[in-house]
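Worksheet: the structure to be examined is printed underneath.
The values are calculated or read from the model by the stated rules, or taken from the named source; none is laboratory data. No experiment lies behind these values; they were computed from the predicted model shown. Cβ atoms come from the backbone with ideal geometry, glycine included; neighbour counts cover every protein chain shown. What goes into the accessible areas is simple: the full protein's heavy atoms, side chains included, and nothing from ligands, DNA or RNA. Shrake-Rupley method; radii C 1.70, N 1.55, O 1.52, S 1.80 Å.
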Amino acid sequence: MKKKDRQELFLKHFRDSHGIVSYACQKVGITRTCYYKWRENDPKFKERAEEVEEETIDVVESKLLSAINNDDLTAIIFYLKTKGKKRGYVERVEQDVNVNPFESLMKELPDKIDK
């Protein structure tokens, strides 16, 4: 089987498996390394593989929206934390980190030592 034929078969299985690389590789009989070399060396193949990945994200987003429409609170919170950041739906972790613990000790020492 020619390389282009194997690439076409890979892309079919890649789409069928919603972008799972190892599954598609097993179906075609290639290694993951082979797949990543194809991506690296063949811009058209890379573009088509990225299209499959984007389609998968679209499917998952539609499932997320279905969960939101069914009042799934976890899905609603997740959506707001990712898509609603500019409206303030973001958790902030504030940390008070003292990078140099000796700095505060040095500040406590007197400037001059009396003898």
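Quick look at the numbers
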{"item": "Filter pass, ARG15 being within 21 Å of VAL60 (Cβ to Cβ), open to solvent by 70 Å² or more (accessible area, probe 1.4 Å), free of Cβ contacts under 8 Å to residues at least 60 places away in the same chain and not aromatic (Phe, Trp, Tyr)", "result": "yes"}
{"item": "Residue in the range 61-82 that is modelled with pLDDT of 95 or more, closer than 30 Å to ASP5 by Cα and out of contact with any Ser or Thr (no Cβ under 9 Å at 6 or more places or on another chain) present", "result": "no"}
{"item": "Residues satisfying the stated conditions in the range 39-98, i.e. assigned to a loop (DSSP other than H, G, I, E, B) and basic (Lys, Arg)", "result": "ARG92"}
{"item": "Positions within the range 18-43 being surrounded by 14 or more Cβ atoms within 10 Å (Cβ to Cβ) and among the β-branched types (Val, Ile, Thr), in sequence order", "result": "VAL21, VAL28, ILE30"}
{"item": "The range 76-97 residues that are within 21 Å of SER62 (Cβ to Cβ), paired with ones that are at pLDDT below 90 and open to solvent by 100 Å² or more (accessible area, probe 1.4 Å) (beta carbon under 6 Å, 6 or more apart)", "result": "LEU80/TYR89; LYS81/TYR89"}
{"item": "Residue within the range 24-38 that is touching a residue at least 24 places away in the same chain (Cβ under 8 Å) and either charged (D, E, K, R) or part of a helix (DSSP H, G or I) (or both) present", "result": "yes"}
